[in-house]
Each structure stands twice: as structure tokens, then as C-alpha cells.
Amino acid sequence: MGKTFGKKLYPKENQEELLKLKERIMRKTPRLLPLQLQEFLNLQTSKCPVCPEFCSKSHLEGHGLKVPSYKEVMREIDNKTLEAKKSKLPRNKSLEELGKFVDIYSNRIKDHLNQKQDPQPPG
Ligand SMILES: [Zn+2]
């Protein structure tokens, strides 16, 4: 195998390179974790007001509510951490932004938890 330096990368390899680069940057950039993340996770262990089940991602989907999985949230947090680093946003400002982002999903679950159970039809 010759040197790969300067070799034109295929899109797939390019993608892998980007992911590797991202991982390297992430190792040097501590992930910013907003406090709101804890609430988001706690909410998913709440009992559904309509069914005898917990408000997990898959359960909420059954009610037509879309919330991201833990992994998806973390991926998004990583992306936003990198963006914040690139734009040199102060740490507290970045955390505030991340908190707002997580709250969007928390509020979606809260709205569901607060909804009144539909009265059961008689019979
Ligand atoms: Zn339910």
C-alpha cells in the first residue's frame, strides 16, 4: 500500500474521516451537559396518564409524540457543543442554548403528562 496522502477520498471515506475528526475534537472538548437533561430523562420514567406504562420514547411515539432517544440527544448535544466552540460562544451561553433545546422535548412530555384522561365511554 502506498501513501494515501493527497488521495482523493470517496464520499463514504470522507464521511468516516469527518467522524474521526469529530471524535478527536470531542475528546478535547468536554461535552456540555445542561441540567435540563436530567429532567428530560426523569420525565421518561413517569407513568403515562392514559395507559399503565412509562413515558418512554417508544411509548410516546404511540401517542404521536416525537421525542429523541438518549443517544440522539447526546449526538445533538455533541453537535451543538462543537458549534458553540467554533463560534466561541461562552460556556454559560452554550449551556443555556442546550437547555432550551432539551426543554422543547421535556415540554412535549409534560404536555402529555398534564393531559386529562378522556372519559371512558359507558359500557
Ligand atoms: Zn400512554
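Values in this text are rule-based calculations from the coordinates and carry no lab data. Source: prediction; values computed, not measured. A quick note on method: Cβ atoms are made from the backbone with ideal geometry, for glycine too, and the neighbour counts reach across all protein chains shown.
The single condition among (1) in contact (Cβ under 8 Å) with a residue 40 or more places away in the chain; (2) within 16 Å of the ligand (Cβ to nearest atom); (3) out of contact with any helix residue (DSSP H, G or I) (no Cβ under 7 Å at 6 or more places or on another chain); (4) not aliphatic (A, V, I, L, M) that R91 does not meet is (2). What about L37, is it assigned to a helix (DSSP H, G or I), farther than 24 Å from E96 by Cα, touching a residue at least 24 places away in the same chain (Cβ under 8 Å) and touching a helix residue (DSSP H, G or I) at 6+ places or on another chain (Cβ under 9 Å)? Answer is no for this residue.
Residue-by-condition table, conditions (1) within 16 Å of the ligand (Cβ to nearest atom); (2) in contact (Cβ under 8 Å) with a residue 12 or more places away in the chain; (3) of a type in the set (D, E, K, R); (4) surrounded by 16 or more Cβ atoms within 10 Å (Cβ to Cβ):
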position	(1), (2), (3), (4)
L41	no, yes, no, no
S46	yes, yes, no, no
C51	yes, no, no, no
E61	yes, no, yes, no
S69	no, yes, no, no
V73	no, yes, no, yes
E76	no, yes, yes, no
K80	no, yes, yes, yes
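When each of S106, S94, S58 is tested for being over 27 Å from K22 (Cβ atoms) and part of a helix (DSSP H, G or I), the lone residue that passes is S58. Can you tell me which condition R31 does not meet? The list is (1) within 16 Å of the ligand (Cβ to nearest atom); (2) surrounded by 11 or more Cβ atoms within 10 Å (Cβ to Cβ); (3) under 14 Å from the mean Cα position of the chain (by Cα), and all the others hold. Evaluating R31 over (1) within 16 Å of the ligand (Cβ to nearest atom); (2) surrounded by 11 or more Cβ atoms within 10 Å (Cβ to Cβ); (3) under 14 Å from the mean Cα position of the chain (by Cα) leaves (1) as the failure.
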